[in-house]
Amino acid sequence: MILEALQYAATRAMTPKAFRPYVRYSVNLWSRANRCASDWAEHERNSQQFILQSARRLKQRRTAVVLGSGLLRDVPYKPLVAMFDTVVLVDLVHLASVQFKMRANAKKNVRISNRDLSGYDEILAGRTAEPLEFIRRVPYLDLVVSANLLSQIATGARNRLERENPANVPENLLPRLVETHLDALSGLPCKTCLLTDIAFDVIGKDGTVQQQDDLLHGVKIANPAATWDWPLAPFGEESRDYRIVHHVIAKELT
């Protein structure tokens, strides 16, 4: 609890005011990742390896942008920093521990950006959402990675709807947010790499599936290059009676 409190206080102080409401979620995720480190290790390793495979196939490695950089656990941070002239990390919140790690980087070629990548406010207001338009202004762009972010866009939007209960919510808001992200990635003038969990199962002690949910709200991603399971919550994390397993895909979109 002491480490969590320190992480929260330091991160909040280093986070722009508009994004401070999301600090608690990031710290909670960090805590879970530490508790479940052994269970998450294969997922993190698979994510890192897929990103590196995509990067190694590039003819030029000038600038890489990582969307949803978050905890940096599923991102091959050190190899990317070594391979690219510039690495840009984009997320709602970057934990203080992550920022200290970046500042210790001797090459000084890492940039961070706090951004809402969802397009939620624009779609809710009836405007065209272009949440990744800023990337087109990044010079010498060779790689963009969406790192286990896509399902969180929809989940975050659903949580906001439950909290704020706005009127006149578009019926198809959640799938539109998912499609907006996919379309924006596919339209970028560089190699784009997508990693995302697409669904999860709640599994009892006897092995039976007690619940299933589609994290992309009906949007399908055809022909993934790789798939694996991510034991997000092993027995005892949320309950002694069940575990939660997310199903992950990886694919190069361009």
Task: Matching residues in the range 213-251 - criterion: being in a loop (DSSP other than H, G, I, E, B) and either farther than 19 Å from L182 by Cβ or among the small types (G, A, S) (or both) - done: G218, A222, A225, P234, F235, G236, E237, E238, S239, R240, D241
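For the range 115-194, which fully contained helices (runs of 4 or more DSSP H) count at least 2 residues that are closer than 26 Å to R45 by Cβ?
Numbers: elements: 120-124, 150-164, 173-186.
In the range 115-194, the matching helices (runs of 4 or more DSSP H) lie at 150-164, 173-186.
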Task: Of all residues in the range 96-114 being in a loop (DSSP other than H, G, I, E, B) and among the aliphatic types (A, V, I, L, M), the one that is nearest to A13 (Cα to Cα) - done: A104
Task: Filtered residue count, the range 180-216, keeping only those that are touching a residue at least 12 places away in the same chain (Cβ under 8 Å), farther than 21 Å from E252 by Cα and not polar (S, T, N, Q) - done: 8
Open item on the list: Can you report the number of residues in the range 5-44 which are under 21 Å from N114 (Cα atoms) and not small (G, A, S)?
Closed with: 20
Task: Set V75, V27, V93: member being open to solvent by less than 20 Å² (accessible area, probe 1.4 Å) and not in a loop (DSSP other than H, G, I, E, B) - done: V27
Open item on the list: Which count do you get for residues in the range 96-114 that are surrounded by 15 or more Cβ atoms within 10 Å (Cβ to Cβ) and not small (G, A, S)?
Closed with: 8
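Just to check your reading of the model, which residue among V209, V245, V178 is buried (at least 16 other Cβ atoms within 10 Å of the Cβ), farther than 20 Å from G119 by Cβ and among the β-branched types (V, I, T)? Steps first, please.
Details: V209 fails: buried (at least 16 other Cβ atoms within 10 Å of the Cβ); V178 fails: farther than 20 Å from G119 by Cβ.
Unique residue meeting the criteria: V245.
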Task: Failed item, numbered, when A64 is tested on (1) part of a loop (DSSP other than H, G, I, E, B); (2) of a type in the set (G, A, S); (3) touching a Phe, Trp or Tyr at 6+ places or on another chain (Cβ under 6 Å) - done: (1)
- [ ] Name the single residue, out of those in the range 223-254 being in contact with a Phe, Trp or Tyr (Cβ under 9 Å, 6 or more places away or on another chain) and of a type in the set (V, I, T), that is nearest to G204 (Cα to Cα).
- [x] I244
Open item on the list: Cβ-Cβ distance below 9 Å, separation of 6 or more or different chains: which pairs start in the range 155-175 with a residue that is on the phi > 0 side of the Ramachandran plot and end on one that is in a helix (DSSP H, G or I) and modelled with pLDDT under 80?
Closed with: none
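For the range 141-195, which positions are among the acidic types (D, E) and modelled with pLDDT under 95?
First, pick out the residues of the range 141-195 that are among the acidic types (D, E): 142, 162, 164, 171, 179, 183.
Correct list: E162, E164, E171.
The values are calculated or read from the model by the stated rules, or taken from the named source; none is laboratory data. Remember, predicted model here, so these are calculated numbers, not experimental data. A quick note on method: Cβ atoms are made from the backbone with ideal geometry, for glycine too, and the neighbour counts reach across all protein chains shown. We work out accessible area using only protein heavy atoms, side chains counted, and drop any ligands, DNA or RNA first. Shrake-Rupley method; radii C 1.70, N 1.55, O 1.52, S 1.80 Å.
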